[in-house]
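Below: one structure, written as structure tokens.
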Amino acid sequence: MHRTDLSPDPLTQFALWFRAADDAGLHPRAMTLATATPDGIPSARMVLLKDYDAHGFTFFTNYESQKGRELAQNPHAALVFYWLPQDRQIRITGTIAKLTQAESDEYFQTRPRGSQIATWVSQQGTVVENRAILEARYEEFVAQFGDDPIVRPRYWGGYRLTPHALEFWQAGEHRLHDRFRYTRQGEEWLLERLAP
Ligand SMILES: Cc1cc2nc3c(=O)[nH]c(=O)nc-3n(C[C@H](O)[C@H](O)[C@H](O)COP(=O)(O)O)c2cc1C
């Protein structure tokens, strides 16, 4: 892989690799999201990429979850994608902010009714005695909403990560992998090769 194989714009490059993963029948939206407490204790979990564009990478979750509480106090976060069979990794670091209420409402309304109800049922990350409690709560909400449209709970919504740096890693022969990092420099992106 050579520098000339890469777009000068990391979002264009991301789109190329994302589409290649999609075309290979992978589940390219699954990504690791790492957050940290203000004193630097990390936590990581998978979430689903909803969208990406020049403004950043969006995903949806519970604002009162561990990740939500960490992001409220420390907006610095990282994303990691790994795609086989291409054997490619993309690492992204940046800062995260909530989407607008209107953006979250818009996406919530496109979700299947069962998923909408589940956001009311689950206080993500709290201790639950058993599964039956969750199922009973689900049925209670089904009865409560009846045929009414389901409104988005205020504690559920989207975030956008605005990238400061993106690294594209491609497995190579003899473990001489290719790594290229884009770093934001105002309106421009600095592109550098890194040692594997
Ligand atoms: C492939 C995959 C995709 C997931 N996507 C999401 C998601 O988009 N949003 C979400 O809140 N949790 C998602 N989860 C569940 C999270 O990994 C995690 O269990 C949950 O968000 C609670 O994380 P927290 O307690 O660290 O905040 C996903 C899990 C997997 C395995």
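Compute the distance from the alpha-carbon center of the stretch 101-127 to that of the stretch 27-72, in whole Å.
Cα centroid of the stretch 101-127 versus Cα centroid of the stretch 27-72: 16 Å apart.
For the stretch 27-90, how big is the tail of P(r) above 20 Å, as a whole percent of Cα pairs?
Taking all Cα-Cα pairs of the stretch 27-90, the fraction more than 20 Å apart is 29 percent.
With only alpha-carbon atoms in the gyration tensor, what are the semi-axes of the equivalent ellipsoid for the chain, in Å, largest first?
Listed largest to smallest, the semi-axes of the chain are 36, 18, 17 Å.
Tell me the angle of helix 131-145 to the major Cα principal axis of the chain, expressed in degrees between 0 and 90 and rounded to the nearest ten.
Around 70 degrees separate the two axes.
When the chain is modelled as a GNM with alpha-carbon springs shorter than 10 Å, which of GLY125, GLY146, GLY172 fluctuates the most?
Maximum among the listed residues: GLY146.
Please find, in a Gaussian network model of the chain (springs between Cα atoms separated by less than 10 Å), the residue of ASN130, ASN74, ASN62 whose mean-square fluctuation is greatest.
ASN130
Using the Kirkwood formula over every pair of different C-alpha atoms, what hydrodynamic radius in Å results for the stretch 48-137? Numbers along the way, then the final one.
Values: mean 1/r = 0.0641 Å⁻¹.
Its Kirkwood hydrodynamic radius stands at 15.6 Å.
Running a GNM on the chain with Cα contacts under 10 Å, which residue among LEU71, LEU84, LEU166 ends up with the highest mean-square fluctuation?
Maximum fluctuation in the GNM of the chain, among the listed residues, is at LEU84.
Computed from the coordinates by the stated procedures, all read-outs in this text should not be read as laboratory data. Just so it is clear, the structure is predicted and the values come from calculations on it, not from any experiment.
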